[in-house]
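Comments concern the structure below.
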Amino acid sequence: MSGGWLAIAGLGPGDDMLVTPEVSAALAEATDVIGYVPYVARVPARERLTLHPSDNRVEIDRANLAIDLARKGHRVVVVSSGDPGVFAMAAAVFEALEHGDPARRDIDLRVLPGITAMLAASARAGAPLGHDFCAINLSDNLKPWPVIERRVRLAAQADFAMAFYNPRSRSRPEGFARVLDILREECADERPILFARAVSTPQEELRIVPLPQARADMADMRTMVIVGSSQTRIVPCPGAATSWLYTPRSLALVP
C-alpha cells in the first residue's frame, strides 16, 4: 500500500447536513477511521474500511495508531465531533508528533475543520458570540480545577461572552455549580445564559435564563452553555420556541 495520509476531521455537532463536503470526501477515500466510540459510530461501515473505536481517555494511543497506519500507506481519518482543533483530537495528534520520534513526522497530514458545538448553539439562538468571547473547557481531566476557576473569574471580569464545553458530568457535578457561583459573584447582574443541549439532533433543547435563575442541573455533558456579556440582548420573537439572543458588534450600539 502506498500514498498514505492522515486527516484529522470534525464531524460537526450531530446532524449529517453539518458535515462539510471536505470531510465527507476524506471519509469516502479512507481505509481506516479512528476515534471515540460514538463518533466512529457516525461513520457508515463499508467494504475496505476498518473502523477503530476506542475509549475517550486514550487520545494519545489513538493518535499514535493513526500516525503509524498513515506511515504504512493507509488513508486514515481521525474523527472528532464538532471541530477537531477545539478541545479535540488535532492537538492530541500534534502532541504525539512532537514527543515521538522525529522520523514519524514524514506524513501527509491535514486538519479538516468542522462546525463546533459552540458555533452551532450560538447560531440556533441568534448571535450571542457577536462580540468578543472566549471558550473554556470545564473538564478538569487535563488541567487542575483552580486553573478553571481563575480563567472563569478573569473572563467574567473582562466582560467576555463565554462558551463552556463539558460543563457537568456525573463524576464532577459540583464543578459547574461553583462556576455559576463565580459568575454571580463577579457579574452581579441578570445577563442571559443559554443552555443548548444536543444541538442539531432530535434531542435538541434550548433554554435561556437570567444568571440568578441558572442552576447546575440545567446542564450535562451534551449541553453547550453560553454566558452572555453585560451587553448581550434578548429580542422577543412571537411564535418561536425561544427569544433571539445576540451580542451587539459594537459597544457604541448599546443604549
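Based on the Cα coordinates of the stretch 1-56, what is the per residue volume of their convex hull in Å³?
Spread over its residues, the Cα hull of the stretch 1-56 gives 89 Å³ apiece.
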## Note on the structure
Placing one equal point scatterer on each C-alpha of the stretch 90-212 and summing with Debye, one gets log10 I(q)/I(0) at q = 0.11, 0.17 Å⁻¹ equal to -0.50, -1.00
## Note on the structure
So the carbon and sulfur contribution to the accessible area of the chain, 1.4 Å probe, in percent, is 53
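Give me the one-decimal Kirkwood hydrodynamic radius in Å for the stretch 11-130, with the sum taken over alpha-carbon pairs. Before the final figure, lay out each step's value.
Details: mean 1/r = 0.0670 Å⁻¹.
This gives a value of 14.9 Å.
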## Note on the structure
Of all DSSP beta bridges with both partners in the chain, the antiparallel percent, nearest 5, is 40
### Query
On average, how much accessible surface per residue is there in the chain, in Å², for a 1.4 Å probe, leaving out ligands, DNA and RNA?
51
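Using alpha-carbon pairs under 8 Å, 6+ residues apart, how would you state the relative contact order of the chain in percent? List each step's numbers first, then the result.
Numbers: 513 pairs, mean separation 48.5, N = 255.
Reported as a whole number, the value is 19 percent.
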### Message
Restricting to DSSP H runs of at least four residues, report the calculated mean residue ellipticity at 222 nm for the chain, -39500 (n - 2.57) per run over all residues, nearest 500 deg cm²/dmol.
### Response
-8500 deg cm²/dmol
#### Entry: Cα-centred dipole magnitude for the chain, charges only on beta-carbon of K, R (+1) and D, E (-1), debye, nearest 20
200
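Quick one: Cα convex hull volume of the stretch 193-255, Å³ per residue?
Numbers: hull volume 7.0 nm³, N = 63.
Value for the stretch 193-255: 110 Å³ per residue.
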### Query
Which of the listed residues, 200, 218, 188, is farthest toward the dipole's positive end in the stretch 181-227, when Lys, Arg count +1 and Asp, Glu count -1 at the beta-carbon?
200
## Note on the structure
Sequence order, the stretch 222-233: Karplus ³J(HN,Hα) from phi using 6.51 cos²θ - 1.76 cosθ + 1.60, θ = phi - 60°, Hz rounded, Gly and Pro as x, gives 9, 9, 9, 10, 10, 9, x, 7, 5, 9, 5, 10
### Message
What do you get for the angle between helix 89-99 and the principal long axis of the chain? Use alpha-carbon atoms, 0 to 90 degrees, nearest ten.
### Response
60
## Note on the structure
Projected onto their principal axes, the Cα atoms of the chain stretch, largest extent first, over whole-Å spans of 63, 41, 36
### Query
Can you list the HN-Hα couplings for the stretch 10-15, worked out from phi with the Karplus curve (6.51, -1.76, 1.60; θ = phi - 60°), rounded to whole Hz and with x for Gly and Pro?
x, 8, x, x, x, 6
### Query
Using 7 Å Cα-to-Cβ label points, what is the residue 215/residue 142 separation (nm, one decimal)?
3.3
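The values are calculated or read from the model by the stated rules, or taken from the named source; none is laboratory data. Here the structure is a predicted model, which means the values were calculated and not measured. Cβ coordinates were reconstructed from backbone atoms using ideal geometry, including for glycine residues, and neighbour counts include every protein chain displayed. Surface areas here come from the heavy atoms of the whole protein model, side chains and all, with no ligands, DNA or RNA. Shrake-Rupley method; radii C 1.70, N 1.55, O 1.52, S 1.80 Å.
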